[in-house]
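The values are calculated or read from the model by the stated rules, or taken from the named source; none is laboratory data. Since we're looking at a predicted model, the values are computed, not measured. With ideal geometry, Cβ positions are generated from the backbone for all residues, glycine too; neighbour counts draw on all protein chains shown. For the accessible areas, the whole protein counts, side chains as well, though only heavy atoms, and no ligand, DNA or RNA atoms are used. Shrake-Rupley method; radii C 1.70, N 1.55, O 1.52, S 1.80 Å.
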4 protein chains.
Amino acid sequence: MPATDATTTLADLKSRIAAFARERDWEQFHAPKNLSMALAAEAAELMEHFLWSTPEQSQAFVRDPAKRGKIEEEIADVVIYALEFANVTGIDLAAAIEAKMVANARKYPVEKARGRAEKYDEL
Amino acid sequence: MPATDATTTLADLKSRIAAFARERDWEQFHAPKNLSMALAAEAAELMEHFLWSTPEQSQAFVRDPAKRGKIEEEIADVVIYALEFANVTGIDLAAAIEAKMVANARKYPVEKARGRAEKYDEL
Amino acid sequence: MPATDATTTLADLKSRIAAFARERDWEQFHAPKNLSMALAAEAAELMEHFLWSTPEQSQAFVRDPAKRGKIEEEIADVVIYALEFANVTGIDLAAAIEAKMVANARKYPVEKARGRAEKYDEL
Amino acid sequence: MPATDATTTLADLKSRIAAFARERDWEQFHAPKNLSMALAAEAAELMEHFLWSTPEQSQAFVRDPAKRGKIEEEIADVVIYALEFANVTGIDLAAAIEAKMVANARKYPVEKARGRAEKYDEL
């Protein structure tokens, strides 16, 4: 049965990625500093696909079969490094995300933030 | 019951994040181009904590209670934007990651890659 | 006489920045790895101002007196770290830029590249 | 006579880069938003060379003739986009850098900052 977002937990992916690094004896390179750099570098590679398009054009772009495969690879790389960062630091991502969403909801209450892109301190 | 990596699927988080954006009518801002920028910007904020430490010092750093909360928030922000990028582009992340891990295993066979940090084309 | 782009050489700025680091005994932190991270982090901070605007809106944005001062600071930070990177690596930036412009002119000949945003290998 | 940092002003480089874009009718793509992304993407490419090395190893790395040419190209790309950003926004970089250095000297007085990597608000 293929992996899908509906059936895959964060812990499933974290184990898969930890095993990959362990088998290659790569844990020695995976200091938090280095993983944060790799994560930022992969995020920049994803972004490079969209440099010169407008936001609107970028919608069509990701649906272009000639580009989509590459974009899937880039976002996968980003999440792989984020999960490995969580692995080596012992962070529970689901808990961290839940806490951040609660904080965000407080900073951006629906009635004040609706339809607005300003930062919370400018709302 | 609190959210944990062991019990939370990617689809759970994706729905939570999509609802947050929808309630605030923020989908209009969430073009792939813009989300890729936000993701790269958050990854850079995470990285900023480690600018001047050595890789070794960064191990202790993430365990310092005075820093850890902030680091959890930054990695949460990264993953939130990655999941929202997957939402708006209709990418199944678990499938994309599985495909990437298979490709990586081919590029970095255990016997060649063990203990080495070079790129696959320099192994 | 105030410093201006018309009267300031790259070497002038490089000396100014090297002296600043030396006086604070900061050379020990300025390894190429660390400076490349600081540079990427500052570039991301500049980018953060433009996350949710369209390219067109970003034109007006940089002329808004309430934002402009901050944007000047961010681009200054980027160039300061780029120059310090050149300092510690002994790179002559004017020569490197000249060489890159010549290479770019070859990759993007005027008649092929005019009005097109594609990468050279897609022209 | 070849271009060198000692003889090249920022204005010299800015004109050279503006002419390159104008000849290709690329000004239409060079909104501040897009240039800030390109700048961040190039900074990340430079950083990618240093992901897995220690800060100390990165010193030797930039002197390795097999790597140095590539690193010169990456830092050139960063500065080219920074200068083009200054072009399209009408920012005088030398003035912005001078102002930032004065502010930095106030935030990091020599006697407090000597030999320390903390941010000014933690000194």
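Working carefully through the options D:Glu84, D:Glu73, find the one that is within 14 Å of chain A (Cβ to nearest Cβ), charged (D, E, K, R) and either in a helix (DSSP H, G or I) or buried (at least 18 other Cβ atoms within 10 Å of the Cβ) (or both). Give the derivation first.
Values: D:Glu73 fails: within 14 Å of chain A (Cβ to nearest Cβ).
The match here is D:Glu84.
For the subset of the stretch A:54-63 comprising residues that are outside any helix (DSSP H, G or I) and open to solvent by 10 Å² or more (accessible area, probe 1.4 Å), which member is nearest to B:Asp5 (Cα to Cα)? Talk me through it step by step, then tell me what you get.
At the first step, the residues of the stretch A:54-63 found to be outside any helix (DSSP H, G or I) are A:54, A:62-63.
Next, only the ones that are open to solvent by 10 Å² or more (accessible area, probe 1.4 Å) stay: A:54, A:63.
Values: A:Thr54: 36, A:Arg63: 30 Å.
That would be A:Arg63.
Output the number of residues of the stretch A:9-20 satisfying the condition of being more than 7 Å from every other protein chain (Cβ to nearest Cβ) and either touching a Ser or Thr at 6+ places or on another chain (Cβ under 9 Å) or crowded, with 18+ Cβ neighbours inside 10 Å (or both).
In the first step, residues of the stretch A:9-20 are kept if they are more than 7 Å from every other protein chain (Cβ to nearest Cβ); the result is A:12, A:15, A:17-19.
Add one more test, that the residue is either touching a Ser or Thr at 6+ places or on another chain (Cβ under 9 Å) or crowded, with 18+ Cβ neighbours inside 10 Å (or both), and what stays is A:12, A:17.
Within the stretch A:9-20, residues that are more than 7 Å from every other protein chain (Cβ to nearest Cβ) and either touching a Ser or Thr at 6+ places or on another chain (Cβ under 9 Å) or crowded, with 18+ Cβ neighbours inside 10 Å (or both) number 2.
May I ask you to list pairs of residues, at least six apart or on different chains, whose Cβ atoms are under 7 Å apart, with the first in the stretch D:33-55 being more than 7 Å from chain A (Cβ to nearest Cβ) and the second being polar (S, T, N, Q)?
Listed by first residue and then by second, the contacts come to D:Lys33/C:Ser53; D:Lys33/C:Ser58; D:Leu46/C:Ser36; D:Phe50/C:Ser36; D:Phe50/D:Ser58; D:Thr54/B:Thr54; D:Pro55/B:Thr54; D:Pro55/C:Asn34.
Please give the number of the condition A:Pro65 fails out of (1) in contact (Cβ under 8 Å) with a residue 40 or more places away in the chain; (2) over 16 Å from the mean Cα position of the chain (by Cα).
(1)
What's the number of the only condition in (1) outside any helix (DSSP H, G or I); (2) among the hydrophobic types (A, V, I, L, M, F, W, C); (3) surrounded by fewer than 16 Cβ atoms within 10 Å (Cβ to Cβ) that D:Ala66 fails to meet?
Against the list (1) outside any helix (DSSP H, G or I); (2) among the hydrophobic types (A, V, I, L, M, F, W, C); (3) surrounded by fewer than 16 Cβ atoms within 10 Å (Cβ to Cβ), D:Ala66 comes up short only on (1).
Considering only residues that are away from chain A (no Cβ under 14 Å) and part of a loop (DSSP other than H, G, I, E, B), look in the stretch C:87-123 and name the one that is nearest to D:His30 (Cα to Cα).
Initial filter on the stretch C:87-123 (away from chain A (no Cβ under 14 Å)): C:87-107, C:109-112, C:114.
Adding the requirement that they be part of a loop (DSSP other than H, G, I, E, B) leaves C:90-92, C:109, C:114.
Numbers: C:Gly90: 30, C:Ile91: 27, C:Asp92: 26, C:Pro109: 18, C:Arg114: 14 Å.
For the stretch C:87-123, the residue satisfying everything is C:Arg114.
For the stretch A:97-113, which positions are open to solvent by less than 10 Å² (accessible area, probe 1.4 Å) and within 17 Å of the chain's Cα centre (by Cα)? It would help to see each step written out before you state the result.
Let us first name the residues in the stretch A:97-113 that are open to solvent by less than 10 Å² (accessible area, probe 1.4 Å), namely A:97, A:101, A:113.
Correct list: A:Ile97, A:Met101.
Looking only at the stretch B:31-50, count how many residues are part of a loop (DSSP other than H, G, I, E, B) and surrounded by fewer than 21 Cβ atoms within 10 Å (Cβ to Cβ).
1
Just the residues that are open to solvent by 30 Å² or more (accessible area, probe 1.4 Å) and either within 7 Å of another protein chain (Cβ to nearest Cβ) or of a type in the set (Lys, Arg) (or both), please, taken from the stretch A:21-30. Working first, answer last.
Taking the stretch A:21-30 and keeping what is open to solvent by 30 Å² or more (accessible area, probe 1.4 Å), we get A:22-23, A:25-29.
A:Arg22, A:Glu23, A:Asp25, A:Phe29 - these are the residues of the stretch A:21-30 that are open to solvent by 30 Å² or more (accessible area, probe 1.4 Å) and either within 7 Å of another protein chain (Cβ to nearest Cβ) or of a type in the set (Lys, Arg) (or both).
Could you list, in sequence order, the residues of the stretch A:68-85 that are small (Gly, Ala, Ser) and under 12 Å from the mean Cα position of the chain (by Cα)? It would help to see each step written out before you state the result.
Of all residues in the stretch A:68-85, those small (Gly, Ala, Ser) come to A:69, A:76, A:82.
A:Ala76, A:Ala82 - these are the residues of the stretch A:68-85 that are small (Gly, Ala, Ser) and under 12 Å from the mean Cα position of the chain (by Cα).
In the stretch A:87-96, what residues are in contact (Cβ under 8 Å) with a residue 40 or more places away in the chain and surrounded by 22 or more Cβ atoms within 10 Å (Cβ to Cβ)? Lay out the reasoning, then the answer.
Just the residues of the stretch A:87-96 that are in contact (Cβ under 8 Å) with a residue 40 or more places away in the chain, to begin with: A:87-89, A:93-94.
Listed by number, the residues that qualify are A:Leu93, A:Ala94.
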